[in-house]
Structure formats: structure tokens, C-alpha cells
Amino acid sequence: MFDIELHRLRHDDLVRRAEAERRVREAVQVRRAARRTAAARGAEPESHTRRRSWFARTA
């Protein structure tokens, strides 16, 4: 009887962990999608907002 209860506890723990990992993956996917849509809406990418001068600064 003890073995069956131990098995059920382990099984329940694995199911809980798998559910938590799935939720984390979904949250990451949602964040990535939000970043992609925000980047697509922007007029220019961030790297082009401040252009460096081709000439060195004078003292």
C-alpha cells in the first residue's frame, strides 16, 4: 500500500511541475510575440535612432 501512495505522490508532483513549466513557456511566447508586434509597429529600429558621426570628436 505504501508503494502505491508513494507512486501517486511522485506522479502528482511530476504533473504539477509539468504544468508549471508549460505556463512558463506560454508566458515566454506571449512576451516574444508582444516584442515582435511592438518592433513591427515602430517606424525605425532602435539601432537607427541615434546615428554616430563618421568623424572623430574634436577636443
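Every read-out reported here was derived from the displayed coordinates using simple, explicitly stated rules and does not represent laboratory data. Please read all numbers here as calculations on a predicted model, not as lab measurements. Neighbour counts are summed over all protein chains in view; Cβ atoms, including those assigned to glycine, are modelled from backbone coordinates with ideal geometry.
Once R0 is set to 35 Å, what does the formula 1/(1 + (r/R0)^6) return for the Cβ-Cβ distance between Phe2 and Arg31, expressed as a FRET efficiency to the nearest 0.05?
0.20
Given a Förster radius of 22 Å and the C-beta distance between Glu19 and Ala39 as r, what FRET efficiency does 1/(1 + (r/R0)^6) yield to the nearest 0.05?
On the way: r = 31 Å, r/R0 = 1.40.
Once rounded, the FRET efficiency stands at 0.10.
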